[in-house]
Amino acid sequence: MDVIVKPIVTEKMTGLTEKHNRYGFIVNDKANKIQIKNEVEKRYSVTVESINTMNYYGKTKSRFTKAGLVNGRTNKYKKAVVTLAKGDSIDFYSNI
């Protein structure tokens, strides 16, 4: 099971990173906080202080097209906000 799916790099998350040393990740919806902590510490060589997780459920969406009304659903996902120890940081762009 891949625990971390991808990091969240948005304007809001960058603000949290600069102010509070917090980083956001989209994680596997079956992963718990202990698995997320171990994966972040192993992958980025940092010390994790705390983790907050949020489950987002898919919303139903509809739109009008030439063929008529099309109904669909957005994907569900789990988001984790990881607070690192003072002095630690993660550089997502180092291996580009």
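Any read-out appearing in this document is the output of simple, stated calculations on the displayed coordinates, not a laboratory observation. If you're wondering where the values come from, they're calculated on a predicted model, not measured in any experiment. With ideal geometry, Cβ positions are generated from the backbone for all residues, glycine too; neighbour counts draw on all protein chains shown.
May I ask you to list the chymotrypsin sites (Phe, Trp or Tyr not before Pro) in the stretch 46-96 that are in a DSSP loop and have at most 14 other Cβ atoms within 10 Å of their Cβ?
Working: sites: Tyr56, Tyr57, Phe64, Tyr77, Phe92, Tyr93; in loops: Tyr57, Phe92, Tyr93.
Sparse-neighbourhood loop chymotrypsin sites (Phe, Trp or Tyr not before Pro): Tyr57, Phe92, Tyr93.
Within the stretch 37-61, name every residue whose backbone N is under 12 Å away from a label modeled 7 Å from Cα of Arg73 along the Cβ vector.
Residues 57-61 fall inside that zone.
Could you give me the ³J(HN,Hα) list for the stretch 74-79, computed from phi with Karplus coefficients 6.51, -1.76, 1.60 and θ = phi - 60°, whole Hz, x at Gly and Pro?
Rounded to whole hertz, the list is 7, 6, 8, 7, 10, 10.
For the chain, what is the relative contact order in percent, using Cα pairs closer than 8 Å and at least 6 residues apart in sequence?
Once normalised by length, the contact order is 31 percent.
Given only helices, namely DSSP H runs of n ≥ 4 each adding -39500 (n - 2.57), what is the per-residue ellipticity at 222 nm of the chain, to the nearest 500 deg cm²/dmol?
Only helices count here, giving -7000 deg cm²/dmol.
Mind listing the phi-derived Karplus ³J(HN,Hα) values for the stretch 32-45, rounded to whole Hz, using 6.51, -1.76 and 1.60 with θ = phi - 60°, and x for any glycine or proline?
9, 5, 5, 5, 5, 4, 4, 5, 5, 5, 6, 6, 10, 6
In the stretch 1-50, which chymotrypsin sites (Phe, Trp or Tyr not before Pro) are in a loop and have at most 10 other Cβ atoms within 10 Å, using DSSP for the loop call?
Counting only loop positions with at most 10 other Cβ atoms within 10 Å, none of the chymotrypsin sites (Phe, Trp or Tyr not before Pro) in the stretch 1-50 qualifies.
Tell me which of Val9, Ala67, Ile34 sits at the most positive position along the dipole axis of the stretch 4-84, charges placed on C-beta atoms (Lys, Arg +1; Asp, Glu -1).
Ala67
Among the listed pairs Lys37/Lys79; Lys6/Lys76; Lys30/Lys86; Lys33/Lys61; Lys19/Lys76; Lys42/Lys76, give every one whose C-alpha distance is greater than 24 Å.
From the list (Lys37/Lys79; Lys6/Lys76; Lys30/Lys86; Lys33/Lys61; Lys19/Lys76; Lys42/Lys76), the Cα-Cα distance tops 24 Å for Lys30/Lys86; Lys33/Lys61; Lys19/Lys76; Lys42/Lys76.
Name the longest site-free stretch of the chain, where the excluded sites are trypsin sites (Lys or Arg not before Pro) in a DSSP loop with no more than 15 other beta-carbon atoms within 10 Å.
Longest stretch, sites excluded: 1-29.
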